[in-house]
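The values are calculated or read from the model by the stated rules, or taken from the named source; none is laboratory data. Everything numeric here is computed off the predicted structure, so don't read it as measured data. Neighbour counts are summed over all protein chains in view; Cβ atoms, including those assigned to glycine, are modelled from backbone coordinates with ideal geometry. When the accessible area is computed, the model is the full protein with side chains, heavy atoms only, and any ligands, DNA or RNA have been set aside. Shrake-Rupley method; radii C 1.70, N 1.55, O 1.52, S 1.80 Å.
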Amino acid sequence: MYTVGSLFSGIGGLDLGFERAGFEIKWQCEIDPFCQNVLRKHWPEIPCHTDIKCATLEPVDVLIGGFPCQDISNAGKTRGIHGEKSQLWFEMLRIIRLLRPRFILVENVSALLNRGFGTILGGLAEIGYDAEWTVLSAATVGAPHLRKRICLVAYSDYKGEPI
């Protein structure tokens, strides 16, 4: 069974999908108190870290997360990946570098393609990961709206010590 670590967990939507697919959630990381309460209700035995910058996280096979999109979204400030909230991508990259998960799933708004996607791909490539991605519309899975999201899966065959 693959183990999963969840960053920017929100109320656990990605976590629930992975769990239902047979993966084991090992830990979650979420700063919002309301979301933390939802996570504790549904995963009472799973550690929930409250600060990505300070958390000590155990290695996992799969790392999942949708870092904040407020600076990337067309509905937001459009400052891009270096904006105040969206720059948390670099914390996610730091954790990827440290833990060296076999697979990574990054989810975000489709505007990321024009506001930092090259930075994400470059950062992953620099530490030995390749990636594939697609843009999905919520309507594709039956929702009554478009809400386009990018889903990136990165992977590595790296077997050595963390870089």
> Going by the structure shown, is Thr56 of a type in the set (Ser, Thr, Tyr), surrounded by fewer than 16 Cβ atoms within 10 Å (Cβ to Cβ) and modelled with pLDDT of 95 or more?
Replying inline: no
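Name the residue, out of Leu146, Leu152, Leu121, that is surrounded by 14 or more Cβ atoms within 10 Å (Cβ to Cβ), free of Cβ contacts under 8 Å to residues at least 60 places away in the same chain, outside any strand (DSSP E or B) and not β-branched (Val, Ile, Thr). Reasoning before the result, please.
On the way: Leu146 fails: surrounded by 14 or more Cβ atoms within 10 Å (Cβ to Cβ); Leu152 fails: outside any strand (DSSP E or B).
Unique residue meeting the criteria: Leu121.
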> When you look at Ala111, is it in contact with a His (Cβ under 8 Å, 6 or more places away or on another chain), within 22 Å of Leu124 (Cβ to Cβ) and small (Gly, Ala, Ser), yes or no?
Replying inline: no
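Here's a check for you: in the range 59-81, which residue that is among the aliphatic types (A, V, I, L, M) and open to solvent by less than 20 Å² (accessible area, probe 1.4 Å) is nearest to Leu152 (Cα to Cα)?
So in the range 59-81, the residues among the aliphatic types (A, V, I, L, M) come out as 60, 62-64, 72, 75, 81.
After this cut, where a residue has to be open to solvent by less than 20 Å² (accessible area, probe 1.4 Å) as well, the list is 60, 62-64, 72, 81.
Values: Val60: 18, Val62: 13, Leu63: 12, Ile64: 10, Ile72: 16, Ile81: 16 Å.
Ranking the qualifying residues of the range 59-81, first place goes to Ile64.
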> Under the condition of being aliphatic (A, V, I, L, M) and open to solvent by less than 10 Å² (accessible area, probe 1.4 Å), which residue from the range 82-118 is farthest from the chain's Cα centre (by Cα)?
Replying inline: Leu112
>> Please verify whether Ile46 is modelled with pLDDT of 95 or more, buried (at least 18 other Cβ atoms within 10 Å of the Cβ) and touching a helix residue (DSSP H, G or I) at 6+ places or on another chain (Cβ under 6 Å), treating the condition exactly as stated.
In response: no
